[in-house]
Amino acid sequence: MRVSFTVNGRPQEADDVWEGESLLYVLRERLGLPGSKNACEQGECGSCTVRLDGVPVCSCLVAAGQAEGREVVTVEGLADLAERRARRCAGGDGSGSCASGACGTSGAPLDEAPGVPAGDAWSRAARPQDSQAGGGGGLAPIQQAFIDAGAVQCGFCTPGLLVAADEMLERNPDPSDADIREALSGNLCRCTGYEKIMDAVRLAAARQAEEAAR
Amino acid sequence: MDFLRPASWEEALAAKAAHPGAVPIAGGTDVMVEINFDHRRPEHLLDLNRVEELGEWEADGDTVRLGASVPYTRIMEHLRGPLPGLALASHTVASPQIRNRGGVGGNLGTASPAGDAHPALLAAGAEVEVASVRGTRRIPIDDFYTGVKRNALAADELIRAVHVKRASGPQQFAKVGTRNAMVIAVCAFGLALHPDTRTVRTGIGSAAPTPVRARAAEDFLNAALEEDRLWDSGRAVPPSVAEEFAALCSAACNPIDDVRGTAGYRRHAVGVLARRTLTWTWEAYRGTGRAADERGGAA
Ligand code: FES
Ligand code: FES
């Protein structure tokens, strides 16, 4: 069957999709977006976490057909998403006000704010670009924080953690340690022991607060 | 394999009638695991995500009507007041990603003895609304679980909603596992005080071939509370009563040894959870719940 949906703001079509196929498989094997990882295929590890209409889900447990017509954000789209959020906070949507620096974008169309020139919203966006990055620009603040805090070792868990952590900071810009642990409780890491991951999320939250205060 | 994508409840029922072997998929958190691991190759997958009413709830009256696909996250966020036991149980389901997709309909459809919602639904005395092209019926939760991973659904029926009476007293849910998240219950226990009917109901998970109530324990406790007029006096439950209640809850188990725990451990742990949840709920009743009753002028 054919499945049409939006991935990281771009309309995508996948053909010859087998009816029992997962969204994860379609992303990786048919759309060339290998950022989302496959480690368990049973919802245990979170390394396949993506956002489906804004909501973090295990893409290995979403049937491809269930994504029809929906909006998906993968780790490849995080930088883009962060940029759009920043633009909105800076008044790109005309409202010009944002108290938290973390406007909820859940469920909002990903192609909003057309015509706003891609700009200097995040100074860090000028960092070297990951070859797999789906949208232009460099790294999302959460990605940079993971690097700066040393939260990446083998990196297999990282894409899922990034998507989950980014969504939490959007909802809850000032998380307690308990909030972070709960938000990331569905993501396993076998390398870091999680302490550096906690550091990274705290760092991202602090930077986000700084940015918002500007 | 065919992927059926009904846009409405009527279409879903028609599809299920035409293909009784079709496997309904909503959150996918059970079904996709089986497909990913080649444990299941149904001829038809029946996607229910497009049937919007399954994701909605009504909580205005004395009874909450909870759509089968309302994600656990929503139950935690919005229904903690009327459905405290189910909200607590929902919070123990797997991880945020899973709670964002999974709902009570899937737990009921799979009917695993380890499903987290079951003890809470049993304790609350829920009813399951199921339908087919032949019509709609409500199955009391006590009659719903018929065997290991078996339920009372006919081949052409789909689960539409559960109806749960708004809590009239404190409810609790407790679960044993190795960590707080991503745990399939070693065993679980739900307890609801129903001051309106002066009864206590229980639910036990993962300690028998199906989710079960500890009926003898309920009967014993109901009689003891009545005899000592504790619903009126609000005095503490005597330790001997709590002990006997716990022992009867243990006795209601019919567990097995498996990788998660031994039968003996499960029996013991259910007794511990029963005593704890009784203490928590009764203390809460003695505090806020009963005080409110008295202010309201109840006899
Ligand atoms: S691959 Fe999806 S949760 Fe592990
Ligand atoms: S960095 Fe290796 S699994 Fe997390």
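All of the numbers you see were taken from the coordinates with simple rules; none came from a lab. All values reported here derive from a predicted model rather than from experimental measurement. FYI the Cβ positions are ideal-geometry reconstructions off the backbone, even for glycines, and counts take in every protein chain you see.
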Whole-angstrom gap from segment B:80-115 to segment B:50-72, using each part's C-alpha centre: 13 Å
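Using only alpha carbons, build the gyration tensor for segment B:172-215 and give me the equivalent ellipsoid semi-axes, biggest first, whole Å.
23, 13, 5
Sort B:THR146, B:THR210 so that the residue with the fewest other Cβ atoms within 10 Å of its own Cβ comes first and the one with the most comes last.
Sorted ascending by nearby Cβ count, the order is B:THR146, B:THR210.
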Gaussian network model of chain B, springs between alpha carbon atoms under 10 Å - residue of B:ARG101, B:ARG213, B:ARG40 with greatest fluctuation: B:ARG40
Where only alpha carbons of segment A:3-75 are counted, the Rg and the Dmax (Å): 10.6, 29
Span-rule helices in chain B, defined as complete DSSP H runs reaching 24 Å or more along the axis (Cα) with Kyte mean at least -1.0: B:263-284
10 Å binning of all Cα-Cα separations within the protein assembly as shown, expressed as whole percents from 0 upward: 4, 18, 26, 24, 17, 9, 2, 0
Among B:GLY135, B:GLY103, B:GLY115: highest mean-square fluctuation, GNM of chain B, C-alpha pairs under 10 Å: B:GLY135
Sequence of B:PHE173, A:PHE156 once ranked by neighbouring C-beta atoms within 10 Å, starting from the fewest: A:PHE156, B:PHE173
Value of Rg/Rh across chain B [Cα atoms, Kirkwood radius]: 0.99
Per-pair calculated FRET efficiency, R0 = 22 Å: B:ASP142 and B:ASP196 via Cβ, rounded to 0.05: 0.70
Student exercise, the protein assembly as shown dipole from Lys, Arg, Asp, Glu Cβ charges, in Debye to nearest 20: 900 debye
Two-decimal Rg to Rh for segment B:133-232 - Kirkwood Rh, Cα set: 1.03
Taking A:ILE147, A:ILE142 and counting other C-beta atoms within 10 Å, the order from fewest to most: A:ILE147, A:ILE142
